[in-house]
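Trainee: Here it is, the structure in full.
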Amino acid sequence: MGITLFVAIIALLTLGFPVAFALAISAALAVFVGGRYPQLIVFKEMFTGIDSFPLMAVPFFILAAELMSGGALTAVLLRFAAQFVGHLRGGLGYANVLSLTMFSGISGSALADAAGPGSMMVKMMDKAGYSRPYAAALTASTAIVGPIIPPSVSMIIYALQDENVSVGGLFMAGFIPGILIALAMAAVNWWVCKKRDYRSTEPRPSAREMWSTSFKAIPALMLIVLIVVGIRFGIFTPTEASVVAVFYALVCGKWVYRTLKWSALPGILARSAMLTASVLLVMATSAAFAWVLTVEGIPQYLSELIVSWELSPVMFLIAVNILLLVFGIFMEPLPGVMILVPILAPIAFSLGIDPTHFAMVVIVNLTLGMITPPVGGLLFVTAVSTRVSITELTREMPLFLLAHFVVLCLLTFIPELSTWLPHTLGFQ
């Protein structure tokens, strides 16, 4: 079964099958060839994989992000970010980074960030004289903070795979790594804009204009505060926080900003349902794939093999980073978390590595796979939404990837960057 599973998944991914279908077909084919279990077991494991109460947070956070976008919250945050940095050299690039970082605290999705505020910023940068491929590359590279700064679907899924961490703890742990990535992207923007002489034509806003814009942005920004404070002080669980976020987004869009129309709700609900279905389908098929791995004893074999190498914690983290960087090239983050975390997390824990630290290394590393070819889902979404060819986009990526690897190294070798905030706030 194991050989059939790996041969099938590699062949299907090479042929360009969607990840969810490749996982399901591989699992079903392995069970069929093995002959020890009925085919129905694949469907049972798929259902079991999504039969979890914490997963209720996923559709609600997705719906909250769609409501915020439909209620013109994206435009409000863009204006809020641009007023601080828009007049500087490369100012629209900084505004891109800042707005995507703020929006990630609402959406929790890299793809939503790139397709929404990211595509709007690319148009603005293009009109201001920036290279369109560069603007698209900056957008794609910054959008990966979406799954890192809470709320994050990846963190919810990770917490389901590792009992040593909590959703709330991972949410708090994501802030500093997310900010580090944003600062790294801003540094790349400074370097490129200096070399290419991208100057801003935006006037510096007056103090009155800045106050007015900031005041209008307060309701949008309060959603992030509401989620963090509510979870930290035990007012509600992460799942309950997602429901609160939906109602808050609806109130903001409909009655605070008065830009959300009732007629837009069917489209918003339909998009949310499609996104939720795609996420849960990947999770369900990943669970079936992981079940085949488990019954074949592959995780246990790999665990024993890695333990037999007697690696130090530092060498183990280096080996994991190399494995995940290669794995992430071919696999999306969610199935990566579902398949690899049950194997690697117990080994990391046995070596004395803080579970929260290890979780952030894994999540950031797998998320980088979204901007690395050949799968690189974020690259394709950005290319389509900004009308830039993949070739042009990829040509602009090396500096951004280098900056991401520097941040990954910092997170790997300085555990406090991931653990200080959650431990300070009482998440052990």
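The values are calculated or read from the model by the stated rules, or taken from the named source; none is laboratory data. Owing to the predicted nature of the structure, the values given are computational and were not obtained by experimental measurement. Cβ atoms come from the backbone with ideal geometry, glycine included; neighbour counts cover every protein chain shown. Side chains included, ligands, DNA and RNA excluded: accessible areas come from the protein's heavy atoms. Shrake-Rupley method; radii C 1.70, N 1.55, O 1.52, S 1.80 Å.
Trainee: How do the peptides 269-278, 285-294 rank, highest first, by the average count of neighbouring beta carbon atoms within 10 Å per residue?
Mentor: Values: 269-278: 15.2, 285-294: 23.5.
The densest-packed peptide leads the list: 285-294, 269-278.
Trainee: Going highest first, how would you order 5-11, 56-62, 203-209 by mean Cβ packing within 10 Å? Write down the numbers at each step before the final one.
Mentor: Numbers: 5-11: 17.0, 56-62: 22.6, 203-209: 10.9.
In decreasing order of mean packing, 5-11, 56-62, 203-209 become 56-62, 5-11, 203-209.
Trainee: Using the charge dipole of the chain (Lys, Arg: +1 at Cβ; Asp, Glu: -1 at Cβ; taken about the Cα centre), state which of 235, 134, 101 has its Cα farthest towards the positive end.
Mentor: Ranked along the dipole, the leading option is 134.
Trainee: Next question. Pairs of alpha-carbon atoms within less than 8 angstrom and 6+ residues apart define the contacts here; what relative contact order does the chain have, in percent?
Mentor: Numbers: 659 pairs, mean separation 106.8, N = 428.
Here the relative contact order equals 25 percent.
Trainee: Taking the Cβ of residue 209 as the center, what net charge do the other residues with Cβ under 13 Å away carry, scoring Lys and Arg +1 and Asp and Glu -1? Don't skip to the end; give the middle numbers.
Mentor: Numbers: positive: 79, 204, 208, 216; negative: 202.
Neighbour charge sum, excluding residue 209 itself: +3.
Trainee: With charges only on Cβ, +1 for K and R and -1 for D and E, what is the dipole size of the chain about its Cα centre, in debye, rounded to 20? Please report the intermediate quantities before stating the final value.
Mentor: On the way: 21 positive and 19 negative charges, 367 e Å.
Charge dipole of the chain: 1760 debye, to the nearest 20.
Trainee: Further question: Please give every one of the lysines within straight-line cross-link reach of residue 123, meaning a C-alpha to C-alpha distance under 30 Å, and leave out same-chain neighbours fewer than 8 residues apart.
Mentor: Partners within reach: 194, 195, 216, 254, 261.
Trainee: Shape of region 283-374 from its Cα gyration tensor (a ≥ b ≥ c, root eigenvalues): rounded if a/c is under 1.5, otherwise prolate when a/b > b/c, or oblate? Walk me through the intermediate numbers first.
Mentor: On the way: a/c = 1.77, a/b = 1.14, b/c = 1.55.
Oblate shape, in that a/c is at least 1.5 and b/c is the bigger or equal ratio.
Trainee: Sticking with this structure for a sec: Per the 1.4 Å probe, what fraction of the accessible area of the chain, in percent, lies on carbon and sulfur atoms? All intermediate terms of the calculation are to be shown ahead of the outcome.
Mentor: Values: 13170 of 18490 Å².
Heavy-atom surface of the chain belonging to carbon and sulfur, 1.4 Å probe: 71 percent.
Trainee: Let me ask something additional. Mind checking the angle between helix 398-413 and the chain's longest principal axis? C-alpha axes, 0 to 90 degrees, to the nearest 10.
Mentor: In the chain, helix 398-413 runs at an angle near 60 degrees to the longest axis.
Trainee: Here's something else I'd like to know. Cα axis of helix 57-70 to longest principal axis of the chain: angle in degrees, 0 to 90, nearest 10?
Mentor: Between the helix axis and the principal axis of the chain, the angle is about 20 degrees.
Trainee: How do 148-154, 171-177 rank on mean C-beta neighbours within 10 Å, highest first? Display every interim value, and only then the final one.
Mentor: Working: 148-154: 27.6, 171-177: 24.6.
Highest-to-lowest ranking by the protection proxy: 148-154, 171-177.
Trainee: Right, here's the next one. With axes computed from alpha carbons, what is the tilt in degrees of helix 19-34 against the longest principal axis of the chain, rounded to the nearest 10 within 0 to 90?
Mentor: For 19-34 against the chain, the angle is about 0 degrees.
Trainee: For every other residue with a beta carbon closer than 15 angstrom to the beta carbon of residue 259, add +1 if it is Lys or Arg and -1 if Asp or Glu, then tell me the sum. Write down the numbers at each step before the final one.
Mentor: On the way: positive: 79, 216, 254, 258, 261; negative: 66.
It works out to a net charge of +4.
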